[in-house]
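First up is the structure itself, then whatever we jot down about it.
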Amino acid sequence: PHSGLDIPSFCDVIDAAEALGVPAVAFCHSDPAALAALHFGEWAAAPAQKRVAKFYSRCDQVIAPSQYIAGRLAEAGVSKVIVQPLGVDLDLFHPGRADRETVRGDLGLDSKTRLLVFAGRPAREKNLETLLEALDLLGEDYRLMMIAAGAYLKPHPLVIGLDYVRDPRQLARLLASCDAFVHANDQEPFGLVVLEALASGVPVVGPSTGGVGELIDDSVGQVAH
């Protein structure tokens, strides 16, 4: 199973593994305690962490996508954890997908405008407000294309909001055509879209903490402290 936590299906998998006498392996790609604290208050972190420990400790092996998530599992008391980072299709996400001038023309931008991009859910933990505050500081020479999340934001003069892009080739084209990818979630479990941007040849500006902080350095972008 993977996190979650979807408790009924998780329990079914554990029970089935025990009945068959085979190992139960779980993949944890979220931080339930941090999410609980964000949405309900700090009081909710401890019960969520206790639940994490209860269920993942029943597994024979737990896989985490980053050292950050592995550390959070260790804090919850889960000991059988290994780190296996995620990967992307390098034939799909590639610098050769770039179509810079056409994309800018379609968006009504001139070639001198610096085009930033973020792709992801409009979730609270994504810290989209931080991206908008940074954009205001950058000013008129910049635009931020927000894929998926931008469709749900209030209108902003420097933001180009796009719906969710279903075609992965189109997403790869858009990413590769931008000047930089920006990410503000300092508790991201991994940051797969960051890896997709890097594979597309696009520098990434992101936090020094969480899974994103494990993917970027000064050679591929800029870490924001």
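The values are calculated or read from the model by the stated rules, or taken from the named source; none is laboratory data. Predicted, not measured: the structure shown is a model, and the values here were computed from it. Neighbour counts run over all protein chains shown; Cβ positions are idealised from the backbone, glycine included. All accessible areas refer to the heavy atoms of the entire protein, side chains included, with ligands and DNA or RNA removed. Shrake-Rupley method; radii C 1.70, N 1.55, O 1.52, S 1.80 Å.
Scaled against the 2.2 N^0.38 Å expected of a compact globular protein of N residues, the Cα radius of gyration of region 12-73 reads 1.24. Taking amide H as placed 1.01 Å from N in the peptide plane, the amide H of Ile160 sits under 5 Å from that of Leu144, Met145, Met146, each at least 5 places away or on another chain.
On the principal axes of its alpha carbon atoms, region 96-225 extends 36, 33, 27 Å, with the longest extent given first. Using 0.36 nm per residue and subtracting the Cα-Cα separation, the extra length available between Ala19 and Ala44 on full extension is 5.7 nm. The residues neighbouring Leu86, those whose beta-carbon lies less than 14 Å from its own, together hold a net charge of -4 under the Lys/Arg +1, Asp/Glu -1 convention. Once amide H atoms are built 1.01 Å from N in the peptide plane, which residues 5 or more positions from Val165, or in another chain, come under 5 Å H to H? Under 5 Å from the amide H of Val165: Ala148. Given a 1.4 Å probe and the protein chains as shown, Lys54 ends up with an accessible area of around 140 Å². Normalised Debye scattering of region 1-132 at q = 0.14, 0.15, 0.19, 0.22 Å⁻¹ gives log10 I(q)/I(0) of -0.79, -0.85, -1.10, -1.31, counting only Cα atoms as equal scatterers and leaving out solvent.
What aspartates and glutamates sit close enough to Lys154 to cross-link, taking a C-alpha to C-alpha distance under 15 Å and skipping anything fewer than 8 places away on the same chain? Result set, ordered by chain and number: Glu129, Glu133, Asp136, Asp163.
The stretch between Asp167 and Gln222 holds 17.0 nm of extra length on full extension. This uses 0.36 nm per residue minus the Cα-Cα distance. Every Cα-Cα pair in region 71-142 was counted, and those over 16 Å apart are 72% of them.
The amide H of Leu109, built 1.01 Å from its N in the peptide plane, has no neighbour under 5 Å, considering only residues 5 or more places off or on other chains. The HN-Hα couplings worked out from phi for region 145-159 by the Karplus form 6.51 cos²θ - 1.76 cosθ + 1.60 (θ = phi - 60°) are 8, 10, 8, 6, 4, x, 5, 10, 8, 5, x, 9, x, 9, 10 Hz, whole numbers, x standing for Gly and Pro. Sequence-ordered 3J(HN,Hα) estimates for region 87-95 from the Karplus curve with 6.51, -1.76 and 1.60 and θ = phi - 60° stand at x, 10, 7, 6, 7, 7, 8, 8, x Hz, glycine and proline given as x.
For the set Glu196, Glu129, solvent exposure ranked by accessible area (probe 1.4 Å, protein chains only) runs largest to smallest as Glu129, Glu196.
Backbone geometry of region 73-84 corresponds, through the Karplus equation with coefficients 6.51, -1.76 and 1.60 at θ = phi - 60°, to 3J(HN,Hα) couplings of 5, 4, 4, 7, x, 8, 9, 8, 10, 10, 9, 10 Hz, x marking Gly and Pro. Binned at 10 Å from 0, what are the whole-percent values of the Cα-Cα distance distribution for the chain, short to long? Pair shares across the bins are 8, 29, 31, 20, 9, 2, 0. Taking a Cβ cut-off of under 14 Å around Ala53, the surrounding Lys, Arg, Asp and Glu residues balance to a net charge of +4, with basic ones at +1 and acidic ones at -1.
At q = 0.14, 0.18, 0.25, 0.28 Å⁻¹, what log₁₀ I(q)/I(0) does region 177-222 have when each alpha carbon counts as one equal point scatterer in the Debye sum? Values returned for q = 0.14, 0.18, 0.25, 0.28 Å⁻¹ are -0.25, -0.41, -0.80, -0.99. The protection proxy used here, the mean number of other Cβ atoms lying within 10 Å of each residue, ranks peptides 137-145, 187-195 as follows, highest first: 187-195, 137-145.
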